[in-house]
Amino acid sequence: MGTKNDIAWFQKILQRHPKIEVMELSELYSNKGTSKYYRAYAEIEKSNVNKK
């Protein structure tokens with residue numbers, strides 16, 4: 001939850017993280033009572049990254 005820029009920033013972090021696999025990202029939903037803050041949902045899984 002945050003501004004549109006906050007959410008875009010965090011989605012990029014999730015997508016670039018080697019131990020997280022992003023399965024699905026939702027669209028933005030506006031929060032009631034404000035036009036500044038939004039929320040988005042992500043379906044993620046732990047990646048099988050084995051470092052030796």
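In percent, rounded to a whole number, the relative contact order of the chain is 40, using alpha-carbon pairs under 8 Å and six or more apart. Summing charges over all other residues whose Cβ lies under 13 Å from the Cβ of residue 45, with Lys and Arg as +1 and Asp and Glu as -1, gives -1. Approximating the spin labels as points 7 Å out from Cα along Cα→Cβ, the residue 10-to-residue 23 distance works out to 1.9 nm. Note on the chain: helix-only mean residue ellipticity at 222 nm, from DSSP H runs of 4+ residues weighted -39500 (n - 2.57) and normalised by residue number, equals -8000 deg cm²/dmol. The count of lysine pairs in the chain whose Cα atoms are under 28 Å apart, excluding pairs fewer than 8 places apart on the same chain, comes to 13. Backbone phi angles across the range 31-47, fed through the Karplus curve with coefficients 6.51, -1.76 and 1.60 (θ = phi - 60°), yield HN-Hα couplings of 7, 5, x, 8, 10, 9, 10, 10, 9, 9, 10, 9, 9, 10, 9, 6, 6 Hz in residue order; Gly and Pro are listed as x.
Heavy atoms of the protein chains alone define the surface here; on that basis the chain has 91 Å² accessible area per residue at 1.4 Å probe size.
Assign unit charges at the C-beta atoms only (+1 for Lys and Arg, -1 for Asp and Glu), then state the dipole size of the chain relative to its Cα centre in Debye, rounded to the nearest 20. All intermediate terms of the calculation are to be shown ahead of the outcome.
Details: 10 positive and 6 negative charges, 59 e Å.
In debye, rounded to 20, the chain gives about 280.
Of the accessible area of the chain, with the probe set at 1.4 angstrom, what percent is carbon plus sulfur? Here carbon and sulfur together make up 49 percent of the probe-accessible area.
Just to confirm a number: summing +1 for Lys and Arg and -1 for Asp and Glu over residues other than residue 22 whose beta-carbon lies under 9 angstrom from that of residue 22, what do you get? That works out to -4.
Listed options for mean projected area of the Cα convex hull in nm² are [x] 6.1; [y] 5.7; [z] 3.7. The value calculated from this structure is the one marked [z].
With angles folded into 0 to 90 degrees, how steeply does helix 4-16 sit against the dominant principal axis of the chain? Use alpha carbons for both and round to 10. That helix lies at roughly 10 degrees to the long axis.
The values are calculated or read from the model by the stated rules, or taken from the named source; none is laboratory data. Computed from a prediction, not measured in an experiment: that's the story for all the values here. All Cβ positions, even for glycine, are placed from backbone atoms using ideal geometry, and neighbour counts span all protein chains on display. Protein only, heavy atoms only, side chains kept; ligands, DNA and RNA dropped before computing areas. Shrake-Rupley method; radii C 1.70, N 1.55, O 1.52, S 1.80 Å.
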